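Novice: One structure follows; several queries about it will come next.
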Amino acid sequence: MAQLGSHQGQCSAQLARHVPPRPESPVRKVTDGVLVVLPTYNEIQNLERVVAGVRKLGHDVLIVDDASPDGTGDLADRLAGADGAVRVLHRPRKLGLGSAYEDAFRMGLEDGAQLMVEMDADGSHLPENLDAIVDAARRSGGLAIGSRYIPGGSVVGWPFYRGLLSWGANVYCRILLGLPTHDCTSGYRCYTRELISHIGLDDVVSQGYSFQIEMVWRARRLGYSVVEVPIRFEDRVAGASKVSRGEVRRALWTVLRLSLGRWKR
């Protein structure tokens, strides 16, 4: 079962895709309407610094921890205990990035969030870019993506092969899905409440990193604006990347299946 830190009651997370409503837990309104979601797995070296950067901007934080064996969940609970605007959703095991965001977005809808942000907990996404992304989403009414691959965007600290892989994956997405978006795989982005409500989280199939691609595709299919904001992406300074070769293969297959129209809108 999944426990919600700094909430009374518990939030259950199914081992499958869908998450039932939280039992009798009080609705807690998001302070400024902006909820920043930080999925974590073994990020004990980075989490506190990232949370502090977001909180300086005045936004609420929801940490979704997948039973990290390094103690990240315990650290998250301590941060939540010290700051009422920080909450924690504990899940029983590593269930995937996509499902972490789905669970968080459902909670955000319940708690009145108007804008919901995806942000990595490893320090790669700089808090100084956050408000520009949030403002762009608010103005567009749809999805704003922190982009590494438009003028003004940059990547710092990646080896050449990793940059080439990321760039190639985005070209692949643009060609097969007909998307004008330059950075479909960016995990730094903000959705409006309206878009999340209409996108149909129960219809989203991707559970891993391909979730990012599918959400862009679905937003476009629904006619929502998808805008890009230049960001500086810095490679993590501590810990290990969670992107495996298997994740890359699944993402490529996801794009192919989407392009063939085998999934519902």
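Novice: When the Cα centres of segment 158-229 and segment 35-93 are compared, how far apart do they sit, in Å?
Specialist: 24
Novice: Give me D for segment 4-258 in µm² s⁻¹, whole number, from Stokes-Einstein with Rh from the Kirkwood sum over alpha-carbon pairs, 4 °C and 1.567 mPa s. Write down the numbers at each step before the final one.
Specialist: On the way: Rh = 18.1 Å.
For these conditions, the coefficient is 71 µm²/s.
Novice: Next question. Suppose R0 equals 22 Å. What FRET efficiency, 1/(1 + (r/R0)^6) with r the Cβ-Cβ distance, do Glu110 and Glu194 give to the nearest 0.05? Could the numbers behind the result be given before it?
Specialist: Working: r = 16 Å, r/R0 = 0.71.
Between Glu110 and Glu194 the formula returns 0.90.
We did not get these values from a lab; they are worked out from the coordinates using the rules stated. Computed from a prediction, not measured in an experiment: that's the story for all the values here. Virtual Cβ from ideal backbone geometry, glycine too; neighbours counted across all protein chains shown.
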